[in-house]
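Working notes, beginning with the structure itself.
The values are calculated or read from the model by the stated rules, or taken from the named source; none is laboratory data. Only a predicted model underlies this, so the values are computations on that prediction, with no experimental measurement involved. Every residue, glycine as well, gets a Cβ built from its backbone with ideal geometry; the counts of neighbours run over all protein chains shown. Only protein heavy atoms, including side chains, enter the accessible area calculation; ligands, DNA and RNA are left aside. Shrake-Rupley method; radii C 1.70, N 1.55, O 1.52, S 1.80 Å.
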Amino acid sequence: MSGVSAWRCKRCTLRAFPKRELCPHCGGRKFAQELVARGIATEVTSHRGVRIARVRIDGDLTLLARAEGSVAPGSEVALRHDDGAPVATGA
């Protein structure tokens, strides 16, 4: 499956990642799952030999993902899951 699951609050429409029990904005308890396939890497760093990217999705959601390939700040990335963890690959 290509893409990462984001969760949209059914009460206030805020998106969250990872899934929450309560919406951090309004306290809502019901979420709709959305598949997010692309984003923009805003920062890239490494920790213990693993490259990590902060990825902005449509302006209202940011997530951390393992960076693979040609991921650089400002570049468009494709998102996928690898055993439950988000991965950003240079698009």
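Might you tell me the accessible area per residue for the chain, computed with a 1.4 Å probe and given in Å²?
On the way: 5530 Å² over 91 residues.
Accessible area per residue, the chain: 61 Å².
Using a 1.4 angstrom probe on heavy atoms only, work out the carbon and sulfur share of the accessible area of segment 1-69 in %. Looking at segment 1-69 in its full context, I get 49 percent from C and S. Taking only the Cα atoms of the chain, the radius of gyration and Dmax are 13.4, 40 Å. Among the trypsin sites (Lys or Arg not before Pro) found in the chain, those both in a DSSP coil and sparsely packed, with 10 or fewer other Cβ atoms within 10 Å of their Cβ, are 19, 30, 48. In the complete set of protein chains, residue-level accessible area for residue 13 is approximately 80 Å², probe 1.4 angstrom.
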